[in-house]
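These notes are about the structure you will find just below.
Since every read-out is calculated from the coordinates, none of them should be taken as a lab result. Bear in mind the structure is a predicted one, so any value in this text is a computation, not a measurement. As a convention, Cβ positions derive from the backbone with ideal geometry for all residues, glycine included, and neighbour counts pool all protein chains shown.
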Amino acid sequence: VRVPAWVPAGCRSGVVEVERSVTAVLGQDVVLPCRYRAQEQEQVVQVTWLKRGPAGRSTEVAVLNRQHGEHVQEPYAGRVLRRADGALEDGAIVLRN
């Protein structure tokens, strides 16, 4: 999940909560959790999931956008689903099979 790299001076931001590690079983679905604990007046408008590859390079997997819906990159189409409807404070995804 990509979060803003900067926060204006004097502003507080919420906290991104993710699991340090997730165990998956080959051939089964796995939930990749991500929750943002927003501060008052904050609203999540987009969650971006990235896969970190060799040499630290990142590849976009999925974008969850409040206004434009979900977009999953082709190699992951049909395998990545948003876990919950509603507000993007819960940005968890399900990786199928």
* To do: Collect residues whose amide H, placed 1.01 Å from N in the peptide plane, falls under 5 Å from the amide H of Val80; neighbours closer than 5 in sequence don't count.
  => Arg96
* **Listed residues Ser13, Ser58, Ser21, most fluctuating in the chain (Gaussian network, C-alpha, under 10 Å)** => Ser21
* Given that just one value was derived from the coordinates, which of (i) 24, 15, 14; (ii) 21, 18, 10; (iii) 18, 16, 12 is semi-axes √(5λ) of the Cα gyration tensor in Å? -> (i)
* **Mean Cα-pair separation over length for the chain, i.e. relative contact order, pairs under 8 Å, 6 or more apart, %** => 29
* **Rough spin-label spacing in nm, given labels placed 7 Å along Cα→Cβ, for Asp85 and Glu60** => 2.6
* Once Lys and Arg get +1 and Asp and Glu get -1 on their Cβ, which of Ser21, Gln39, Leu88 lies farthest toward the positive end of the dipole of the chain? -> Ser21
* Asked: In debye to the nearest 20, how big a dipole does region 18-95 give about its Cα centre with +1 on each Lys and Arg Cβ and -1 on each Asp and Glu Cβ?
  -> 300
